[in-house]
Amino acid sequence: MDIDGITLSVVIPMYNEEAVLPLLAARLRPVLDGLGEAYEVVAVDDGSRDSTAAQLMGMRRLWPQLRVIRLRRNGGHQAALTAGLARSVGEYVVSLDADLQDPPEKIPEMLALARRDGLDIVYGVRGDRSTDTRYKRWTAGIYYKLMRRLIGKNVTADAGDFRLLSRQTVNALLELPNSGGQVLRLLVPWIGFPSGQVAYVREERAAGRTKYPLSKMLLLTLDSVTSFSAAPLRLATMLGLCSVILCGILLITGLFAYVLHYTVSGWASLYISILFLGAVQLLCLGLLGEYIGRIYTTVQGRPTYFVGYDSADETADELVAVR
Ligand code: UDP
Ligand code: MG
């Protein structure tokens, strides 16, 4: 396929999505074909262990605009998304979840809005979450509340990774130094280019199960917080300050007790204060460690993903490490 003159790239990260792939193709293709634009669909297989990759390669035969990028190993949603953005060539890039929770039918609307108003970013904003599971609503609710509090009000609540970006925005995002744990849905509002919104109804996952268990959700939250805010460090300082004041008071009472020869029964208070101070210190050390770890990986410049194969590459056999 000729990659010059492509106006729209649709980037879709996929991890073990064999169940949903046929449904996705059936809904996405008519929309894109109907646009009358030169487009590419960049399917990023994030190290799936099921038949996702094989199915994609099969679909390519009938759908020349489908481009398949395979990562060597599972790097996570954000890494796969970054890989897709980095390799896409379109003038506009839409990112989409594979599970049809983001309706492909909204893509023409996003594109039209971006063109009409000369926007760099068009967010897909969830109008309604009633079809999400209760677990999802609960975790997402906490996540966005936390992010807004820590990072600021410009984090659009309920804007996930369904959005359109202009080429300039994609380039600006990719030029940012890589911290290993980039959270695009926070970086995009931070970049703050002219933006608009398109409302959509979040549908249920069309097939398969969520690829975001609690552990990945927690990791995303940790990455989100530490890559955008030093507030937890300040919290550590405050905790330290409080314990210093508390210790000061205890010191004075201890001195008094010593002077008054009242020093026999002190086991409980000693026990508790040692435990408490130990816990506070460990917590603060852990917090510091989180930041230092991120500085460390940034300094090392470790790649967040490894591209194993790109159907648009001639030299597809080489291992290409992209930073
Ligand atoms: N995903 C991925 N790598 C991962 C986990 C998820 O590429 O390690 C993809 C997944 O295939 C889907 C998108 O990220 O296209 C969002 O995942 P999912 O729909 O499972 O998340 P949820 O909607 O439950 O938050
Ligand atoms: Mg989903």
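The values are calculated or read from the model by the stated rules, or taken from the named source; none is laboratory data. Predicted, not measured: the structure shown is a model, and the values here were computed from it. Ideal geometry is used to build each Cβ from the backbone, glycine not excepted, and the neighbour counts take in all protein chains shown. To get the accessible areas, we keep the full protein, side chains included, count just its heavy atoms, and leave off ligands, DNA and RNA. Shrake-Rupley method; radii C 1.70, N 1.55, O 1.52, S 1.80 Å.
Once both labels are positioned 7 Å from their Cα atoms along Cα-to-Cβ, the gap between Glu109 and Trp63 label points is 2.2 nm.
A simple packing score, the average count of other Cβ atoms within 10 Å per residue, orders the peptides 240-249, 63-72, 30-39 as 63-72, 30-39, 240-249, with the highest score first. So for the chain: antiparallel DSSP bridges make up what percent, rounded to the nearest 5? Looking only at bridges with both residues in the chain, the antiparallel portion is about 40 percent.
Entry note, the chain: relative contact order of 21 percent, from Cα contacts under 8 Å with a spacing of 6+ residues. Expressed as a fraction of 2.2 N^0.38 Å, the value expected for a compact globular protein of N residues, the C-alpha radius of gyration of the range 56-158 is 1.28.
Full extension of the chain between Thr7 and Thr237 gives 77.8 nm of extra length, using 0.36 nm per residue less the Cα-Cα distance. For the range 53-102, the alpha-carbon radius of gyration amounts to 1.21 times the rule-of-thumb value 2.2 N^0.38 Å expected for a compact globular protein.
For the range 1-65, the Stokes-Einstein estimate of translational diffusion at 4 °C and a viscosity of 1.567 mPa s comes to 104 µm²/s, using the Kirkwood hydrodynamic radius over alpha-carbon pairs. As a ratio to 2.2 N^0.38 Å, the alpha-carbon radius of gyration computed for the range 155-264 takes the value 1.85. If you average 1/r over every pair of different alpha-carbon atoms in the chain and take one over that average, what Kirkwood value in Å do you get? Evaluated over the chain, this radius sits at 22.1 Å. Using the Karplus relation 6.51 cos²θ - 1.76 cosθ + 1.60 with θ = phi - 60°, the per-residue 3J(HN,Hα) values for the range 255-260 come to 4, 4, 4, 5, 4, 8 Hz, with x marking Gly and Pro. Angle of helix 77-87 to the longest C-alpha principal axis of the chain, folded into 0 to 90 degrees and rounded to 10: 40°.
Which semi-axes, in whole Å and largest first, does the equivalent ellipsoid of the range 197-323 have when worked out from the alpha carbon gyration tensor as the square roots of 5 times its eigenvalues?
52, 20, 14
In order along the range 166-175, the Karplus-derived 3J(HN,Hα) couplings, from 6.51 cos²θ - 1.76 cosθ + 1.60 at θ = phi - 60°, round to 7, 4, 4, 5, 4, 4, 4, 5, 6, 7 Hz, and Gly and Pro are given as x. Inter-part distance, the range 1-32 to the range 257-287, computed on C-alpha centroids, equals 60 Å. Residues within the reach of a label modelled at Ala312 (point 7 angstrom out along Cα to beta-carbon, backbone nitrogen below 15 Å), restricted to the range 50-64, are 64. Taking all protein chains into account, the per residue accessible area for the chain stands at 53 Å² (1.4 Å probe). Fully extending the segment from Glu204 to Leu260 would add 13.1 nm, taking 0.36 nm per residue of separation and subtracting the current Cα-Cα distance.
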